[in-house]
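Below is one structure, written out as structure tokens; comments come after it.
The values are calculated or read from the model by the stated rules, or taken from the named source; none is laboratory data. Keep in mind the model is a prediction, meaning the values are calculated, not measured. All Cβ positions, even for glycine, are placed from backbone atoms using ideal geometry, and neighbour counts span all protein chains on display. Please note that ligands, DNA and RNA were not included when accessible areas were found on the heavy atoms of the full protein model with its side chains. Shrake-Rupley method; radii C 1.70, N 1.55, O 1.52, S 1.80 Å.
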Amino acid sequence: MEASGDPEGPLPPGGDGPPGSVRETPRRLSREQIFVLISAASINFSSMMCYSILGPFFPTEAEKKGVSNTVIGMIFGCYALFDLLASLVFGKYLVHIGAKFMFVAGIFVSGGVTILFGVLDQVPEGPVFIAMCFLVRITDAVSFSAAITASSSILAKAFPNNVATVLGSLEIFSGLGLVLGPPLGGFLYQSFGYEVPFIFLGCVVLLMVPLNMCILPNYESDPGKHSFWKLITLPKVALISFVITSLSSCFGFLDPTLSLFVLEKFNLPAGYVGLVFLGLALSYAISSPLVGLLSDKVPSLRKWLLVFGSLITAGCYMLLGPAPVLHIKSQLWLLVLILVINGISVGMSSIPTFLEVLSCAYENGFEEGLSTMGLVSGLFGAVWSVGDFIGPTLGGFLYEKIGFEWAATLQGLWALTSGLVMGLFYLLEHSRRRRRSKLQNILGIEEERTALLPGEM
């Protein structure tokens, strides 16, 4: 039985629907679905490579051009800010632009600007260099936002009954990109200089353009009537967005702070710091497919994976330092163990969110099709970018003012708050549904009695 029998079938509207409401999952993938997976894996891998390759050497090169640490931080931070804005726009107009065109055009522009980043060392130092860095970085953020938004929508369209499993499995490639980006960039930089890492990676991205033009299917859909505002003002979606922002902020918090803390606390050689991050990236990449599979096979588990993942993440950040009030001695093995657990807990929380938002949208009258999927994809990218901007910015400030231990504890309190609020909402939702079900049963019994009365007389 092939999986392409009904690629346009509707997603089950409720997260806790009866078992019979979900069609039998096909055992084999169609050729079209395999091509979609290849395209999505390529963009996940390359986007994370391009995002993470700057870390090992760009700050040093920027300092040579007279750029301050504050401005360097802004160059890094502007990526998330413009990813946020672009995600909202592309999610809204996905159907008008066309998912395939948006995907391919995003890859093409991103490959070009990645190469341009490699020739910035030829630009005169001072305001001109800074302006070009911002321009190239912003263009990269916008282009990859287009590709990722289109990719998520196409995946949801091609795999209507296995969205979480597919999204979780593709996080393996995101994790690989994050893991391989810094060491590959550092090796090419040391061996061949500043230009080669960007030119090499940009050319690899550009090679994906003709590949995806040939293999990516073209899904068409009518524009929807609903807007981002209606989606984000749904209480459940607003709370899930709060959870997503807290999770991405937790990830982003570690970028400017963890390496400094490890170097200062444990006196590790600089080359070993990347290995500390490896535990987080690998545990996230490995656990995400399993979480996705659970989310699809047992829909009723999604909400509790989301809640308990947030609570475990909160505990992890309170133990990273650890928090001074716990009076636990900071040890390297404990730090690495906590990062591994954190990678799993973030996967538990983040993977079910896309399907939860999509299900909530369908329950509230949004059209089942590419238009709604585009809105959800854009919203997910936007709220993730909010946390990705707040995390490093606030984290760097707090690290400087109160130290890593207290800064990580405050970050954990954010995740704790989001998890508790989300859990409370789900308990209230469950209670309302039970009362509604009892009321419907009572009304049904009364109607049956009323219908039987004339016959009895």
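Residue count for the stretch 360-379 under the criterion of being of a type in the set (Gly, Ala, Ser), at pLDDT below 85 and part of a helix (DSSP H, G or I): the result is 4. Here residue 83 meets the list (1) open to solvent by 40 Å² or more (accessible area, probe 1.4 Å); (2) modelled with pLDDT of 80 or more; (3) among the charged types (D, E, K, R) almost entirely, failing just condition (1).
Within the stretch 197-231, track down each residue that is within 20 Å of residue 137 (Cβ to Cβ) and either at pLDDT below 85 or crowded, with 16+ Cβ neighbours inside 10 Å (or both). Quick ask: steps written out before the conclusion?
First, pick out the residues of the stretch 197-231 that are within 20 Å of residue 137 (Cβ to Cβ): 197-206.
Across the stretch 197-231, the qualifying residues are 197, 198, 199, 200, 201, 202, 204, 205, 206.
Remark: pairs (first residue in the stretch 92-107, closer than 12 Å to residue 43 by Cβ; second residue open to solvent by 70 Å² or more (accessible area, probe 1.4 Å); Cβ separation under 7 Å; 6+ apart in sequence or on different chains) = 104/213.
Per-residue answers, yes or no, for (1) free of Cβ contacts under 8 Å to residues at least 12 places away in the same chain; (2) open to solvent by 10 Å² or more (accessible area, probe 1.4 Å); (3) not in a helix (DSSP H, G or I):
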site	(1), (2), (3)
353	no, no, no
381	no, yes, no
387	no, no, no
392	no, yes, no
406	no, yes, no
409	no, yes, no
422	no, no, no
432	yes, yes, no
435	yes, yes, no
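Among the listed residues 345, 330, 310, 295, which satisfies the condition of being crowded, with 23+ Cβ neighbours inside 10 Å and modelled with pLDDT under 85?
Values: 345 fails: modelled with pLDDT under 85; 330 fails: crowded, with 23+ Cβ neighbours inside 10 Å; 310 fails: modelled with pLDDT under 85.
None of the others qualify; the one that does is 295.
When only residues in the stretch 48-74 that are within 19 Å of residue 251 (Cβ to Cβ) and modelled with pLDDT of 80 or more count, which is most open to solvent (accessible area, probe 1.4 Å)? This residue is 48.
When the stretch 113-135 is filtered for residues that are surrounded by fewer than 18 Cβ atoms within 10 Å (Cβ to Cβ), in contact (Cβ under 8 Å) with a residue 40 or more places away in the chain and among the small types (Gly, Ala, Ser), only 126 remains. Taking the criterion of being assigned to a loop (DSSP other than H, G, I, E, B) and free of Cβ contacts under 8 Å to residues at least 40 places away in the same chain, the residues of the stretch 309-346 that qualify are 327, 328, 329, 331. Residues in the stretch 147-191 that are among the β-branched types (Val, Ile, Thr) and under 13 Å from the mean Cα position of the chain (by Cα): 148, 149, 172. Residue-level check: of (1) of a type outside the set (Gly, Ala, Ser); (2) farther than 16 Å from residue 413 by Cβ; (3) at pLDDT 85 or above, residue 276 misses just (3). For the stretch 154-182, taking the residues that are farther than 18 Å from residue 358 by Cβ and in contact with a Leu (Cβ under 7 Å, 6 or more places away or on another chain), the one that is surrounded by the most Cβ atoms within 10 Å (Cβ to Cβ) is identified as 175.
Before we move on, is residue 138 at pLDDT 85 or above, of a type in the set (Val, Ile, Thr) and open to solvent by less than 10 Å² (accessible area, probe 1.4 Å)?
Working: at pLDDT 85 or above: yes; of a type in the set (Val, Ile, Thr): yes; open to solvent by less than 10 Å² (accessible area, probe 1.4 Å): no.
Answer is no for this residue.
Cβ-Cβ distances below 7 Å connect the following pairs, each with a first residue in the stretch 186-200 that is of a type in the set (A, V, I, L, M, F, W, C), a second residue that is assigned to a loop (DSSP other than H, G, I, E, B), and a separation of six or more residues or different chains: 198/118; 199/118.
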